[in-house]
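Read-outs throughout are calculated quantities, based only on the coordinates presented, and are distinct from any laboratory measurement. Quick caveat: nothing in here was measured; it's all calculated off a predicted structure. Backbone-built Cβ (ideal geometry, glycine too); neighbour counts: all protein chains shown.
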Amino acid sequence: MDDILISVFAIILSVTLMFIFPLMTMSDRTDEVSQLTVDIATVEFVDEVRKTGIITQNQYNKFLANLGSTGNTYNVELEVRIKDENPARKMTKSDNYDIGENVYYSIYTSQIMEVLEKDEDNGEYKLKEGDIFSASVKNTNQTISQQLKNFYYTVVGKDTYIISASHAGLVTATAK
Amino acid sequence: MKIQTLAVIFVIIILPISLVFASYTQGRVETVNLQTRYDSKLNDATYDALKAYQLNNFNSDSSDYVNAKMRDIKASANTFFNSMASAFSELGYTKETLQNYVPALVYAMYDGYYIYSSYTNTWDSETINKHSTDESYHNDEKLYGIKPYVYYSCRYKGTNYDVTITYSLDNYIQIQGYVMEGSQKKTVSKYGYLLNKKDLVINGDNVEYKGVSINKENSLKENIYVDGQIRGLSYIKKNGTKYYYDNENGADNVFSVINGKKIIQNDEELKNEIQNNDYAQKYYKESKDLMDFMQNYGLDEIKISNIVDENGNQYNTNDENGAYHTSGKIFDFDDDIESETSNFNTHRIEVIKHSIERNLSIAISNFNAFSSFEFQMPKLKDEDWDKIMDNISIISFLQGVNIGGKIYNGYSIVTNTKNEDLVMQDSIYIKDASGIFHRITENSLPYQDGMIGIYNVNIERRTTQDTDGSNLYYFPVDGTLSYNSIVTQNNISKTSTQTLSDYINGLDNRLKQIYYTALGRERYSLYRARLEI
C-alpha cells in the first residue's frame, strides 16, 4: 500500500520536475526576450518620431508588427504634449523681465489615430520642435508563464501585465 | 532505477543548464538595453549641443562672422560633452574620459562643415624655437578641438575654364577660378542662387518670378533693445547685420546695435535702402546675372567628366564606385533646376556627401593613432543624408564603450530647424493683419491686406541684458502662432507627396507675391562671405 502511494507521489513529483519546471523556466525566458523586443521596439519608435518630428502610419504599423512578433497582444498608448507658446508671447511690454510660461496640452492615442487614418496609405501626424512624445506598451493577453504561475498561485486584478515598456522625450525637429 | 532517482538526476542536469541560460539571456538583455539607452543619451546630448548653437546664434549680434561661428561651435561642443558627462555620471565618466570615445563631431553648416576631433598640434622649427618647454602648448601634442572649415566644393576644368564651385544646403552657389575672355584668362568670383530661368523675367526695375511681380518694400519694422529701451523701428538686414532708422522725437539717424548700444552709421544710402527695401528684387537679379554669366562663359556645359581633383587628375566617369553619377549637363537651365530631382540637386548632394564622408573617415582613422580601440566609420544611411541636406545639423559619434559582451558603436544626427544661417522654403511665415503667423501651407489661408512675409527666426524670443545686469526678453516681431499650422500642423492643405513650390504655385497670386518677396528679401539679407573681384 505504502509503495503505491509513494509511487504515485513520485510520479507526480517527477512530472512536475521534469515537465512543468523546464516549461516554466522556458516560458520565463520567452517573456524576458519578449520584454526585450518590446523595449527596443518602443525606444526605437519613439526616438525615430523625436528625430523626424513626424508620426507616420507606416512607422506605427511597423511598430505594431514588431510588437506582434512576440506572439502576445498589447495595448499601446501614445501621447503628444503639444507646446503652445502663445500665452508666453502675449505678455505685455511691462513684463519684459519675466519669461512667459509655455503651456502644454495633450493629444492622446485615439486623436492621433484619427489623423493617421484620414489618409489611407500615408497618414502623418506632424509635430514640432519642443513637443513631447511618449509611448507606453502593456501586454493584454496572458502569456504562458503567467498562466502557469496562475496555476500555482493566482495573481488577481485586471491590469496584471508582465511585459511593459515606455519611452518619452522631447521632439527635436519640426516636421516638413 | 527508481523514478525518483531519475527525476533527481534530471534536475541535476537541467538546473545548471537553465541557470546558465538565465544568466546568459540576462546578460544579452542588459547589453541591448544599455545600447538603446546609450543611443538615447547620445541623441539627447547632440540635441543639447544643437540647442546651445541655436541660442547663441539668435542672441549674438555678431554670430554671423566666421570667428564668432567657431566660438559658438566650441561652446556647443562643450555643451555636448557636459551633457554626455552628466548623462553618464552614474558610470563615472568625465568630459576628458568621454573625449576618448568620441572620435568626431561634425557640424554640417550652410556651405561647408567643421569637424571637431582630436588632432596633432604640429609646429614648424621656428615656432618650436620661439617657445620654451614649460609653456602650456607643445609641439606634437594631441589636442582635441575644431579643425578648419571645409567647403562643399568641387573643381571643374574644361578648355575654357578652371573653376571651383562651392555648393550649399540650398540653391546658392559660389564660383571661383578663371574663365577665358577671348584669349585672356579672367579671374572670376561669382555667387547667387540658381532659379528656374524660364520663371524669371527681369526688365530694368521690373522683376517677375513665377508670374508675380516682386516689388520694393517700405514697411518693415522690428523691435530692438537699444539704449535702455525696446523700440519698434524700421530696419533693413544687410549682409547679416540689421540697421535701424530712427526718425522719432526729432532724431534722424541710421544705426546698428552691438550689446544694446547704438553704433551710428553715416550712410545716406542705407537710409534710402531702409525706406525702399529692394533686396527681394536684388535676389532675383543676382540669380539672373549668375545664370547669364555661366551661359556666356560656357559654364552651363559642365559635366561630371570635367571634375578634377586637387592634383588636376580627371575624374573617372566609368568608376562604378565613384562619388558622382549625374549624366548630362549639371547646370541645365532649360530644365527645372529647382526641382529636387534635377541634375543640379542630385550632383549637389553627391558633392556634399563625398566631401563629408572623405574628411570624416580621415578624422576617424587619425583618431586610431591616439586610441587603443580600433574606430570604424559607421555607414550613414540614405535617410541620414536626407536629414543632413535639410538644414544645419550635428553628427556625433560614440564608439568603444564596453557595454558588456559588446563594444558600443553608434552615431546620432540632429537637424536644426531655426537658425540665422539659411532661409529654407518653409522658413517664411505669413503674418496677417490681426498679428497671427501662419504657414503658407495652412488650409484655405485667405489673402488680407497688410499681410507680410516674416522669417521665422525673427519671431523667436531674444534675451538681452539691461543696464543693471538683469535679463530682459523681447520678440523682434510680435504676434501669436496659428493653431492650425504652427502650434500643430493639423490643418494644412499641402499633401505629403507635393513639393512646397508646387503647392505655392497653386495659390492666390497675391499670397504668392508676399511669399516670394519675403523669401528673396531674407535670402539676399543673409551674411555671406563674398569675395569681390
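Extending 7 Å from the Cα toward the beta-carbon at both residue A:76 and residue B:29 defines two label points whose distance is 2.3 nm.
Expressed in nm², what is the orientationally averaged projection area of the convex hull enclosing the Cα positions of segment B:117-189? Before the final figure, lay out each step's value.
On the way: hull surface 34.2 nm².
Averaged projected area of segment B:117-189's Cα convex hull equals 8.6 nm².
For segment B:220-276, the mean projected area of the C-alpha convex hull, equal to one quarter of the hull surface, is 3.8 nm². In plain terms, the bigger the Kirkwood radius, the slower the diffusion; for the protein assembly as shown, with that radius from Cα pairs, at 4 °C and 1.567 mPa s, Stokes-Einstein puts D at 44 µm²/s.
Charging the Cβ of each Asp and Glu at -1 and of each Lys and Arg at +1, and nothing else, the dipole of the protein assembly as shown about its Cα centre rounds to 340 debye. For the segment A:14-23, counting C-beta atoms of other chains within 10 Å of every residue's C-beta and taking the mean gives 4. Note on segment B:220-276: dipole from Cβ charges, positive end direction compared against B:265, B:225, B:255; the farthest Cα belongs to B:225. Any idea how far the Cα center of segment B:223-257 sits from the one of segment B:305-358, in Å? Value for the Cα centre distance between the two parts: 44 Å. Averaged over the residues of peptide B:6-12, the number of Cβ atoms from other protein chains lying within 10 Å of each residue's Cβ is 4. The angle separating the long axis of helix B:279-296 from the principal Cα axis of greatest extent in chain B is about 80 degrees.
Peptides A:133-139, B:321-327 ordered by packing proxy, namely the average of other Cβ atoms within 10 Å per residue, highest first: A:133-139, B:321-327. Remark: relative contact order (segment B:423-527) = 32 percent; criterion is Cα-Cα distance under 8 angstrom and separation of 6 or more residues. Every pair of different Cα atoms in chain B enters the Kirkwood calculation, which places the hydrodynamic radius at 26.7 Å. Given their separation in residues at 0.36 nm each and the Cα-Cα distance between them, residue B:218 and residue B:379 gain 52.9 nm when the chain is fully extended. Cross-link check: pairs A:128/B:418; B:353/B:381; A:126/B:387; B:282/B:431; B:210/B:282; B:242/B:418 evaluated at a Cα-Cα cut-off of 20 Å; pairs beyond the cut-off: B:282/B:431.
Segment residue B:160..residue B:334, full-extension length gain: 60.5 nm, with 0.36 nm per residue of separation and the alpha-carbon distance subtracted. Note on segment B:16-140: Lys pairs 8 or more places apart or on different chains, Cα atoms under 28 Å apart, count 10. Taking each residue as 0.36 nm, the span from residue B:529 to residue B:86 lengthens on full extension beyond its C-alpha to C-alpha distance by 155.7 nm. Positive-end ranking of B:240, B:193, B:467 along the dipole of chain B, with charges on Cβ about the Cα centre, is headed by B:467. Across segment A:1-118, the relative contact order, built from alpha-carbon pairs under 8 Å that are at least six residues apart, equals 20 percent.
Arrange the peptides A:49-58, B:27-36 so that the one whose residues have, on average, the most other Cβ atoms within 10 Å appears first. Could you put the intermediate results ahead of the total?
Details: A:49-58: 21.8, B:27-36: 16.4.
Packing proxy ranking, top to bottom: A:49-58, B:27-36.
For residue A:108, the shell of other residues with beta-carbons less than 11 Å away shows a net charge of -2, using +1 for Lys and Arg and -1 for Asp and Glu. Give the Rg/Rh ratio for segment B:194-303, taking Rg as the radius of gyration of the Cα atoms and Rh as the Kirkwood radius, to two decimals. For segment B:194-303, the value is 1.12.
Evaluating 6.51 cos²θ - 1.76 cosθ + 1.60 at θ = phi - 60° for every residue in segment B:499-508, the Karplus couplings come out as 8, 4, 5, 4, 4, 5, 4, x, 8, 3 Hz, glycine and proline recorded as x.
A simple rule links phi to the HN-Hα coupling: the Karplus curve 6.51 cos²θ - 1.76 cosθ + 1.60 with θ = phi - 60°, which for segment B:413-422 gives 10, 10, 9, 7, 10, 9, 6, 8, 8, 8 Hz, with x for Gly and Pro. Per residue of peptide A:95-106, the mean number of Cβ atoms on other chains within 10 Å of the residue Cβ is 2. The alpha carbon centroids of segment A:39-114 and segment B:374-443 are separated by 18 Å. Distance between the pseudo-spin-label points of residue B:96 and residue B:267 (7 Å out from Cα toward the beta carbon): 4.7 nm. Over all directions, the projected convex hull of the C-alpha atoms in segment B:423-527 averages 8.0 nm² in area. Short-range pairs are left out: with C-alpha atoms under 8 Å and at least six residues apart, the relative contact order of segment B:220-276 is 27 percent.
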